[in-house]
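The values are calculated or read from the model by the stated rules, or taken from the named source; none is laboratory data. As the structure is a prediction and not an experimental result, all values here were calculated from the model. Please note: Cβ atoms are built from the backbone with ideal geometry, for glycine as well, and neighbour counts cover all protein chains shown.
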């Protein structure tokens, strides 16, 4: 594929001056940075308002009534959809678009589908939240939201699938890319199932609430089948540089994603106990592949972030292992609503959210015009608050819901306050970072965003 300056030279019939090429390159980078900041800012809004605020409201209601069924399942599902699709999904799409090398060799017109995908994705997530919380014309709104999300992802998938190894100057694709591809296929399957489910509910149900017997399996697909592989893939790409780890064991990582995919498929088929065993085995294998807890080769790169960054990354993987163990325990228990809830929270907050808080504050400022994070102290504060809140929530949910320690119900509101404070600090730190002026020297292309952000020591 020819580069943008080459095409302009061909169309205008003259060679571009060096200064003109630099200006074109700088404009292209600014456009990509603005695109990324829009996706990330959108994700932050979904995280704060439809996601965390509604989640805290639900938890306070449950705690006051001391009953897990005191809140409408449709509201709980609205909270989960806003967090998984609105927050983390927006982050994945934005970073995914930004990381495609060929977009840097094309003009701003090439970003038109990217903006279109943002509009469809944001509208779809917002409509689903409204349809669940305010069931006004939900039979139209919920299916429409699923179509918007699916079409937005198909735009993303079409652009990403056009990426080839040669685009990055390599003869073959690295193993981490195959793991990200697995996550992309998981997200595609999730959106297809979500669309089918939305239309089924519209025609056959009296409310937008997903039936409990299917919701559990669908959550496994959303989290383990989609989000977990994405985190593994980007961990394999960035953590060896950021944490100074030894090289990733690529074949073992592929074995981990195979085990994980098997667990997801078993869960969808209703074989919950073997599914949880596969998921646990896959995660332990992934940790071995990433070599997170083996001696590092060199010091971690913590310039621009808080020095606790490596600790919280490893803590996130510990939380995911706890989530997998809790899943096995829950699948072997008759009355396990509290254990399942604790497992989901350990995975979504303990693993996914802590990883986003850690890696996000490491890479997003650099992606967004080579900015510096506004405050490393606020980064530490957000991570500490989130970790404490997660610990309180996971432990008290098992103790309270299972009737082991009734007084543990009083700790649930405390966990909600800690986590709400954490996401507020995280959002404030990122948004202030985005509003600060980018360095004027940002005029060179970033052919490999992952390598570019790894340079600071």
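Just a few scattered comments:
- Qualifying residue in the range 290-304 (condition: assigned to a helix (DSSP H, G or I) and at pLDDT 95 or above): yes
- So residue 321, is it under 22 Å from residue 349 (Cβ atoms) and in the same structural domain as residue 350 (by TED's automatic domain parsing): yes
- Filtered by the rule that a residue be crowded, with 21+ Cβ neighbours inside 10 Å and in a helix (DSSP H, G or I), the range 364-376 gives 364, 365, 367.
- Screening the candidates 223, 190 for the property of being in contact (Cβ under 8 Å) with a residue 60 or more places away in the chain and surrounded by 16 or more Cβ atoms within 10 Å (Cβ to Cβ) yields one hit, 223.
- Scanning the range 322-342 for residues that are without any contact (Cβ under 8 Å) to a residue 40 or more places away in the chain and under 28 Å from residue 242 (Cα atoms) gives a single hit, 323.
- Taken as a whole, the condition of being under 28 Å from residue 362 (Cβ atoms) and either surrounded by fewer than 20 Cβ atoms within 10 Å (Cβ to Cβ) or assigned by TED's automatic domain parsing to the domain that holds residue 218 (or both) does not apply to residue 258.
- Meets criteria (within 29 Å of residue 307 (Cβ to Cβ), assigned to a loop (DSSP other than H, G, I, E, B) and either under 19 Å from the mean Cα position of the chain (by Cα) or outside the structural domain of residue 357 (by TED's automatic domain parsing) (or both)) for residue 247: yes
- Filter result (crowded, with 21+ Cβ neighbours inside 10 Å and under 12 Å from residue 411 (Cα atoms)) within the range 377-397: 389, 390, 393, 394, 396, 397
- Output for the range 362-396, where each listed residue is at pLDDT below 95 and under 17 Å from the mean Cα position of the chain (by Cα): 362, 363, 364, 365, 367
- Condition broken by residue 291, with the remaining ones in (1) touching a helix residue (DSSP H, G or I) at 6+ places or on another chain (Cβ under 7 Å); (2) on the phi > 0 side of the Ramachandran plot satisfied: (1)
- Failed criterion for residue 239 (all others in (1) surrounded by 17 or more Cβ atoms within 10 Å (Cβ to Cβ); (2) in contact (Cβ under 8 Å) with a residue 24 or more places away in the chain; (3) over 27 Å from residue 87 (Cβ atoms) hold): (3)
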